[in-house]
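Below: one structure, written as structure tokens.
The values are calculated or read from the model by the stated rules, or taken from the named source; none is laboratory data. What you see is a predicted model, and the numbers here were worked out from it, not measured in a lab. Positions of Cβ are backbone-derived with ideal geometry, glycine not excepted, and every protein chain shown enters the neighbour counts. Side chains are part of the model used for accessible areas, which takes the heavy atoms of the whole protein and leaves out ligands, DNA and RNA. Shrake-Rupley method; radii C 1.70, N 1.55, O 1.52, S 1.80 Å.
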Amino acid sequence: CWHLIGDGSQRNKIENIIANYGLEGNVVLYGNQKNPYKFMVNADLFLLPSYHEAAPMVFDEAKCIGLPILTTNTTSAIEIVEKYNAGWTCENSLDGIKEKLKYILDNRNELSKIKENLKNQKFNNDLALKQFKYVLNGE
């Protein structure tokens, strides 16, 4: 089941695709949410397909809650995701995403290993918070 959080100009198109293929029970659109973490903490995998992400904060957020990541290969994806054994990167195409998703589904033990690794690394956002306070207050 896909849970899509966020909104955008293609929402109507996505709703039509979901209806045309009868996927209402398999693809759920939540739109923009004040607290996406309540969804993320219950997910098996976080997927961020993108062409232009540089260093999305959501990767660190996913790592902090122990959520494995699958992302397309963008500017810093390998350094942020694979370097920390936090998930996988794939070719930036529909076929690349499908191949990696199939691999993950066929190798669920690796998903468990990534979750355990994230738990053991004890990621947190203390450094980001400290840097943010410095920018705001000079502290």
Of the conditions (1) in contact with a strand residue (DSSP E or B) (Cβ under 8 Å, 6 or more places away or on another chain); (2) free of Cβ contacts under 8 Å to residues at least 12 places away in the same chain; (3) of a type in the set (Lys, Arg), Lys83 satisfies every one except a single condition; which number is it? (1)
All positions within the stretch 110-119 that are open to solvent by 100 Å² or more (accessible area, probe 1.4 Å) and in contact with a Gly (Cβ under 8 Å, 6 or more places away or on another chain): Lys119
Count, please, the residues in the stretch 31-40 that happen to be open to solvent by 20 Å² or more (accessible area, probe 1.4 Å) and not in a helix (DSSP H, G or I). 5
Within the stretch 101-139, residues of a type in the set (Gly, Ala, Ser) and either closer than 18 Å to Ala62 by Cα or in a helix (DSSP H, G or I) (or both) come out as Ser112, Ala128
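For every residue, the table says whether it meets (1) open to solvent by 90 Å² or more (accessible area, probe 1.4 Å); (2) more than 24 Å from Leu4 (Cβ to Cβ); (3) without any contact (Cβ under 8 Å) to a residue 24 or more places away in the chain.
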residue	(1), (2), (3)
Leu29	no, no, no
Asn42	yes, no, yes
Lys63	no, no, no
Trp88	no, no, yes
Ile104	no, no, no
Arg108	yes, no, yes
Gln121	no, yes, no
Gly138	no, yes, yes
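Residue-wise test of (1) farther than 27 Å from Thr72 by Cα; (2) of a type in the set (D, E, K, R).
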| residue | (1), (2) |
| --- | --- |
| Leu101 | no, no |
| Arg108 | no, yes |
| Lys113 | no, yes |
| Asn117 | no, no |
| Asn120 | no, no |
| Val135 | yes, no |
| Gly138 | yes, no |
Positions within the stretch 1-21 being small (Gly, Ala, Ser) and assigned to a strand (DSSP E or B), in sequence order: Gly6
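Conditions (1) in a helix (DSSP H, G or I); (2) open to solvent by 80 Å² or more (accessible area, probe 1.4 Å); (3) at pLDDT 95 or above, marked per residue:
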| position | (1), (2), (3) |
| --- | --- |
| Leu23 | no, no, yes |
| Ala55 | no, no, no |
| Asp60 | yes, no, no |
| Asp95 | yes, yes, yes |
| Glu99 | yes, yes, yes |
Select from the stretch 43-53 the residues that are modelled with pLDDT under 90 and either of a type outside the set (Gly, Ala, Ser) or outside any loop (DSSP other than H, G, I, E, B) (or both) and write down the one among them that is nearest to Leu118 (Cα to Cα). Glu53
Could you list, ordered by first residue, the pairs with Cβ atoms under 6 Å in which the first is in the stretch 1-21 and within 13 Å of Met40 (Cα to Cα) and the second is outside any helix (DSSP H, G or I) and not polar (S, T, N, Q), at least 6 apart or interchain? Trp2/Val27; His3/Val28; Leu4/Leu29; Ile5/Tyr30; Ile5/Pro36
Would you check if Glu79 is out of contact with any helix residue (DSSP H, G or I) (no Cβ under 6 Å at 6 or more places or on another chain), at pLDDT below 95 and surrounded by fewer than 17 Cβ atoms within 10 Å (Cβ to Cβ)? yes
